[in-house]
Amino acid sequence: MNDSNEMAKDRTDWAEDRTILANERTFAGWMRTGMASLAIAVGLKAVFGAFDPTWLAKAVASVFVLIAIYIFWAAQQQSRRTLDRLSEHQAASQPHSRMRNLAIAFIGGSIATGAILWTL
């Protein structure tokens, strides 16, 4: 009976480790989604380059920049919440600070991209 309990605990531990790794893949997926939103903003500038009034095209592109910023921040928050509920066993998760710093870097890049779009 004790062997059975130990095996069940091992399976639970492995499941938590798999969930930690899945959380990191999900975080990466959300970061890619945010980058896609940013790419749409840049693409809109190319498509609407000669659009008049220019402020309208820039405003629409800015919506996608803001969506990207929201996605980056929400991804790191959700990742943190998920990791706080789990315990590491064999897998070593990325530290909270690394995911937060990545999100901040992507947000900074998004803001810079938005500023460039408005100056063009």
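Numbers for the structure displayed
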read-out: Residue in region 83-100 that is aliphatic (A, V, I, L, M), over 28 Å from ARG18 (Cβ atoms) and either modelled with pLDDT of 95 or more or exposed (fewer than 15 other Cβ atoms within 10 Å of the Cβ) (or both) present; value: no
read-out: Residue list for region 102-120, filter: over 22 Å from ALA75 (Cβ atoms) and free of Cβ contacts under 8 Å to residues at least 40 places away in the same chain; value: ALA115, ILE116, THR119
read-out: Filter pass, PHE51 being of a type in the set (Phe, Trp, Tyr), modelled with pLDDT under 95, farther than 28 Å from ARG18 by Cβ and surrounded by 14 or more Cβ atoms within 10 Å (Cβ to Cβ); value: yes
read-out: Single residue of SER93, SER79 found to be among the hydroxyl-bearing types (Ser, Thr, Tyr) and either within 13 Å of the chain's Cα centre (by Cα) or at positive phi (or both); value: SER79
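Here is a yes/no grid of residues against (1) in contact with a helix residue (DSSP H, G or I) (Cβ under 9 Å, 6 or more places away or on another chain); (2) of a type in the set (D, E, K, R):
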residue	(1), (2)
LYS9	no, yes
THR19	yes, no
ASN23	yes, no
ALA36	yes, no
PHE48	yes, no
LEU56	no, no
VAL60	yes, no
LEU102	yes, no
ILE107	yes, no
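The values are calculated or read from the model by the stated rules, or taken from the named source; none is laboratory data. All values reported here derive from a predicted model rather than from experimental measurement. So basically every Cβ, Gly included, is an ideal-geometry build from the backbone, and we count neighbours across all protein chains shown.
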